[in-house]
Amino acid sequence: MKSEILKTEEALVFVKQTFETKLKKQLSLTRVSAPIAVMKGTGINDDLNGYERTVDFPIKSLDDRKAVIVNSLAKWKRLRLKELEVEKKQGIITDMRAIRPDEDYSKIHSIYVDQWDWEKRICESKRKLSYLKEEVEKIYQALRETEQKIHTEYEDITPILPQKITFIQSEELLQMYPTLGPKERENKITEKFGAVFLMGIGHELSHGEKHDGRAPDYDDWSTKTEDGFFGLNGDILVWHPELQSSFELSSMGIRVDKKALEYQLDKTENSYRKELFFHKILLEDKLPQSIGGGIGQSRLCMFLLRKKHIGEVQVGIWSESVKNEVKNYGIQLL
């Protein structure tokens, strides 16, 4: 008889293969290979919130020049679109593996990150909120179809995702719950609707604070949209029934053009990056316009398989106290 962990391992493969197949079809994506590290000082690696440390190392064959483990592949993918001469309306998808040593351990965080990184070439006319929403709906459709497929394979997992995903701006969310903090606001809105795309992440809100941080050089969080708010990006959030909280599955957005990059670098006091390789060629209009994002693989499996701890769906490094704590709740870590 198979152990519960072995059954989980089989389910992980099923979920990942099913979702990737459906996502590629929805977004017209081709799978490509990806690097685990890029050269330091090129501006290609992502800074996420802008303060996390990276894992770097010297390469003997390159005179000890340093490379850095990727945080995500947002900027690398845009370069790859150009190098592969990907046509408009087409894109790429890859497995991203990262180590983030500054990540705080929790039920939903470890230092290991695995996600599908995807990027799609678009034309200038698609740099608008309505198009962003169209792509979000396609991703959500892939997600719902995967949940239905899982129910067919594992009958005890009942589908819970609503038929439609709800769109809301971070400023609207602030006005709805002005006395709550960002995560509390996310909990309220996601519990209400089940699945939400929260837009405008990274731009300063009316009370002088951001809903959450976003690096200045990949997502466009500053462009004014047709609904009068700011930001062509957002997060896909779902309500996790086991955790009884909002659960982020994806961060995505239309990428910066020359105007947005210049503004966001200046706004965040990162103008020095304009001299880095990636930023220079973007400012010279040598990169295609694109939309893209990352979808957490372990996160997706944790939600769809109704797991309570990320260690149930990925092998990680855990302290003895964490191991003992989850054991008391009957949770088996991989």
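Structure above, values below:
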| quantity | calculated |
| --- | --- |
| Charge context of ARG31, other residues only, Cβ under 9 angstrom, K/R +1, D/E -1 | -1 |
| Computed over the stretch 223-311: relative contact order in percent, which uses C-alpha pairs under 8 Å that are six or more apart | 28 percent |
| Whole-Hz couplings from phi, Karplus 6.51/-1.76/1.60, listed for the stretch 237-242; x for Gly and Pro | 10, 10, 8, 8, x, 6 |
| GNM result for the chain, Cα springs below 10 Å: residue of TRP239, TRP116, TRP318 fluctuating most strongly | TRP318 |
| Gain on full stretching of the segment that runs from GLN90 to GLU155 - 0.36 nm per residue minus C-alpha separation | 19.9 nm |
| 12 Å beta-carbon shell around HIS203, net charge (K/R +1, D/E -1) | -2 |
| Computed log₁₀ I(q)/I(0) - Debye formula, equal Cα scatterers, no solvent, the stretch 105-209, q 0.15 Å⁻¹ | -0.91 |
| Partners for LYS286 among aspartates and glutamates (Cα-Cα distance below 17 Å; same-chain residues under 8 apart left out) | GLU83, GLU85, GLU87, GLU119, GLU124, ASP217, ASP257, GLU262, GLU275 |
| Over 29 Å (Cα to Cα) - which of LYS66/LYS274; LYS22/LYS259; LYS88/LYS224 fall in this group | LYS22/LYS259 |
| Proximal lysines relative to LYS2, as straight alpha-carbon distance under 19 Å, when same-chain residues fewer than 8 apart are discounted | LYS307 |
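Each reported figure results from applying straightforward, stated rules to the coordinates on display, with no laboratory input. Note that this is a predicted model, so its numbers are computed, not measured. Every residue, glycine among them, receives a Cβ derived from its backbone with ideal geometry; neighbour counts consider all protein chains shown.
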